[in-house]
Amino acid sequence: MIDKERLKILTESAKYDVSCSSSGSARKNNGGVGNASYGGICHSFTQDGRCISLLKILMSNKCSYDCLYCVNRYSNDIPRASATPDEICELTMEFYKRNYIEGLFLSSAVEGSPDRTMELMLETVIKLRKVYGFYGYIHLKGIPGADKILLDRAGSYVDRMSYNIELPSEKSLKLLAPQKSKKSILVPMANTAEEYIIARKEKNHRFLPAGQTTQMIIGASPETDGQIIRLTEGLYDKFQLKRVYYSSYVPTNSKTALLPQDPVGLLREHRLYQADWLLRFYGFKAEELIDKDENLDPTVDPKCSWALKNIHLFPVEVNTASPEMLLRVPGIGFKSASKIVAARRYAKLDFCDLIKMRVALKRAVHFITCDGKFGGQEKPTAIKNLIALSERADTFEQMSMFSNGEISFSVLGGEL
Amino acid sequence: MIAYKISKEKDAIFCALFESFTLKERPIAVFSGAFQPSFDCQVKTINYIKNNAERVKKGIIKCGGISLLSTLFYVMRSSDDLMESIVFSVAHKCLSARKNLTDNYSDPDMLAFYELKTKISHEVHIMTGFVRFEKTLSGVWYSHITPDNDIVDLIAPHFKKRLPNEKFILHDTKRNILTAYDGKNLITLKSDKPVTVYLDKDEIEFQNLWQTYFDYAPVFERKNLRQQANFLPHRYRRNMSEFLGTLESEIACAPQVSDLNGLYKPDVTDDD
Ligand code: SF4
């Protein structure tokens with residue numbers, strides 16, 4: 001059994017990775033312990049308001065690399081520890097049976113070489129599946145630079161794999177993570193994407209049922225939101241990623257002028273998740289949302305921003321607008337759009353009906369008519385001020401919805 | 001004005017519907033538990049007559065098929081004070097119109113019905129995460145829960161699929177209902193007897209490891225107790241071991257960013 005002290009070290013070193021949702025796989029139980037639930041499940045919420053879904057842990061935090069933004073970097077003076085494959089397997093099984101977790105999210109610092117590190121991680125997940133009979137969720141971090149054979153093999157045992165892009169541009173990567181390069185990260189991502197496509201063509205759903213994701217750190221380097229959203233869109237298109245996660249930079253006691261000294265606010269991360277959401281589910285394109293050298297407007301959400309830029313398309317009539325257009329109205333989400341479409345078959349809807357259906361009318365009112373009636377403002381600047389005022393109160397509320405895969409799933413209900 | 005007091009049987013609401021249709025009268029409220037009628041409201045007790053309930057059930061199936069009937073039963077699991085009145089109105093309207101009107105969300109009753117239904121399914125979903133099993137000496141996994149709605153038997157199949165070779169008990173200590181799985185079948189029963197649980201010798205060790213994990217997983221610079229409480233209301237926490245020993249977590253989380261706290265509002269509104 002792993003001891004408390006090491007568990008503490010390996011947990012603390014893993015906590016800045018945010019891509020820990022357990023969704024996207026419906027692995028069935030085949031006689032052992034566990035299965036995976038497609039929508040993901042949250043098992044607890046920690047003091048930072050984030051969900052615990054997987055046991056997120058490093059095999060080792062003894063890193064030979066020196067990425068400036070990372071707590072585990074070689075030059076940082078912190079306690080170090082590692083765990084054996086059996087210790088990780090046992091902990092996963094025991095936590096899983098007690099229903100503390102949905103599965104394992106295993107990552108590691110580069111101890112020795114990428115190959116050596118990946119081998120140990122692979123050994124762990126194979127053991128967990130074959131010896132311990134575990135059918136729950138496994139998310140494995142791929143170590144860039146490890147042999148392709150190791151990485152491909154891992155794909156047939158785990159539900160999801162991810163390589164972290166880390167920083168949104170090659171230049172920043174060079175500056176802040178000298179041992180890494182764009183190539184060393186993108187090549188394995190591309191390989192995995194290729195294997196994934198082949199597997200799907202051959203109807204092999206055992207290879208990474210929950211696909212591939214990535215994470216990048218926001219605010220440690222100077223890239224604009226426009227660049228980040230374009231990069232995100234490219235990653236979805238080229239590598240068929242399931243999710244791109246953003247992690248606001250938190251200083252990790254490094255005294256270098258290359259990094260900001262204060263933590264980056266969550267608002268920026270929140271806006272990026274909103275924009276990402278619009279890309280994935282609402283049919284928006286990056287170029288519709290934002291110019292390359294622009295940042296997302298902190299005062300209103302990206303959908304509002306888009307609508308204000310395209311005010312000539314509005315207002316739309318709630319009783320007749322197409323579902324696609326309804327979804328583009330600020331304040332109308334999937335739930336309310338489907339309620340509207342169902343209810344308007346029975347009777348003409350008015351503003352009161354919309355309030356009862358919990359449409360966020362404060363935002364929507366400027367963009368819709370109900371049976372020909374319009375109750376909003378016409379000038380974009382006036383609209384923006386009103387919305388910004390009302391939004392300030394609930395901005396941070398929603399933040400969590402977007403940064404937690406499972407929650408957004410349950411809140412938005414059936415958006416896929 | 002008239003209100004119906006119905007008995008505790010599962011399908012007693014259907015007897016109320018029978019009464020209402022036979023006498024062509026419309027009660028302003030239907031209730032089985034506590035209810036404060038206004039002074040001009042007459043309370044009528046509706047006796048449970050199985051045959052009447054069955055006839056109404058058949059009528060409902062004619063209107064909206066088995067699915068309407070099972071949706072009505074599903075919503076009856078709600079512990080909301082207005083549940084009986086809402087279910088009654090919805091069934092009454094469907095029966096009068098001879099069709100399933102439950103997706104007419106411009107009707108306040110249908111909307112209220114929909115909201116009760118969503119609350120139940122939401123709770124079923126989150127409870128599959130919040131259940132905590134403890135290993136007992138006999139190897140059976142035991143869990144006590146106190147959900148808002150009567151859903152213990154709805155949660156159990158999830159664990160049956162997940163842990164097919166284990167034995168477990170889910171105990172709703174609020175309603176004294178247990179669902180047990182013996183490795184083959186699920187059974188649900190009511191029992192008012194107190195349950196004594198003897199823990200396996202390793203149980204406390206694993207609970208401690210879980211506590212350690214729970215205490216050190218959050219990013220302390222982003223402490224946000226309000227958001228935590230939104231997602232995991234305090235009323236659920238008394239059944240979750242990680243919240244029972246808070247001493248260590250208090251120490252660990254000492255530093256905090258105050259500018260984020262206070263900006264969170266407690267209830268979640270619609271998506272955009
Ligand atoms: S390789 Fe990974 S663990 Fe090591 S310093 Fe870089 S980011 Fe941190």
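Values for this structure:
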{"read-out": "Set A:120, A:140, A:151, A:58: member being within 14 Å of another protein chain (Cβ to nearest Cβ) and closer than 21 Å to residue A:189 by Cα", "value": "A:58"}
{"read-out": "Residue in segment A:383-391 that is more than 10 Å from chain B (Cβ to nearest Cβ), among the β-branched types (Val, Ile, Thr) and not in a helix (DSSP H, G or I) present", "value": "no"}
{"read-out": "Residue match in segment A:66-81 (condition: within 14 Å of another protein chain (Cβ to nearest Cβ), more than 16 Å from the ligand (Cβ to nearest atom), surrounded by fewer than 24 Cβ atoms within 10 Å (Cβ to Cβ) and in contact (Cβ under 8 Å) with a residue 60 or more places away in the chain)", "value": "no"}
{"read-out": "Hey, residue A:140 of a type outside the set (Gly, Ala, Ser), at pLDDT below 95 and within 16 Å of the ligand (Cβ to nearest atom) or not", "value": "no"}
{"read-out": "Scan of segment A:341-359 for residues that are more than 7 Å from chain B (Cβ to nearest Cβ), in a helix (DSSP H, G or I) and more than 19 Å from residue A:322 (Cβ to Cβ), ordered by number", "value": "A:351, A:352, A:355"}
{"read-out": "Those residues of segment B:115-143 which are within 11 Å of another protein chain (Cβ to nearest Cβ) and among the polar types (S, T, N, Q), in sequence order", "value": "B:118, B:121, B:128, B:143"}
{"read-out": "Filter pass, residue A:259 being surrounded by fewer than 20 Cβ atoms within 10 Å (Cβ to Cβ) and within 27 Å of residue A:188 (Cβ to Cβ)", "value": "yes"}
{"read-out": "Failed condition for residue B:99, given (1) assigned to a helix (DSSP H, G or I); (2) more than 15 Å from the chain's Cα centre (by Cα); (3) within 23 Å of residue A:345 (Cβ to Cβ)", "value": "(1)"}
{"read-out": "Evaluation of residue B:198 against (1) closer than 27 Å to residue B:168 by Cβ; (2) among the aromatic types (Phe, Trp, Tyr); (3) touching a helix residue (DSSP H, G or I) at 6+ places or on another chain (Cβ under 9 Å) (one fails), failing number", "value": "(3)"}
{"read-out": "Criterion violated by residue A:95 - all others in (1) away from the ligand (no atom under 16 Å from the Cβ); (2) free of Cβ contacts under 8 Å to residues at least 60 places away in the same chain; (3) within 23 Å of the chain's Cα centre (by Cα) satisfied", "value": "(3)"}
{"read-out": "Complete set of residues in segment A:96-124 that are part of a helix (DSSP H, G or I), buried (at least 23 other Cβ atoms within 10 Å of the Cβ) and hydrophobic (A, V, I, L, M, F, W, C)", "value": "A:118, A:121"}
{"read-out": "Condition met for residue A:8 (without any contact (Cβ under 8 Å) to a residue 40 or more places away in the chain and out of contact with any Pro (no Cβ under 9 Å at 6 or more places or on another chain))", "value": "no"}
{"read-out": "Filtered residues of segment A:2-24 (kept if closer than 26 Å to residue A:269 by Cα and outside any helix (DSSP H, G or I))", "value": "A:13, A:14, A:15, A:16, A:17, A:18, A:19, A:20, A:21, A:22, A:23, A:24"}
{"read-out": "Output for segment A:324-334, where each listed residue is touching a Lys or Arg at 6+ places or on another chain (Cβ under 8 Å) and either without any contact (Cβ under 8 Å) to a residue 24 or more places away in the chain or within 9 Å of another protein chain (Cβ to nearest Cβ) (or both)", "value": "A:330, A:331"}
{"read-out": "Qualifying residue in segment A:45-53 (condition: more than 9 Å from chain B (Cβ to nearest Cβ) and either in contact with an Asp or Glu (Cβ under 7 Å, 6 or more places away or on another chain) or away from the ligand (no atom under 13 Å from the Cβ) (or both))", "value": "no"}
{"read-out": "Residue list for segment A:25-41, filter: closer than 30 Å to residue B:221 by Cβ and crowded, with 24+ Cβ neighbours inside 10 Å", "value": "A:40, A:41"}
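The values are calculated or read from the model by the stated rules, or taken from the named source; none is laboratory data. Since we're looking at a predicted model, the values are computed, not measured. We place every Cβ from the backbone using ideal geometry, glycine too, and count neighbours over all the protein chains shown.
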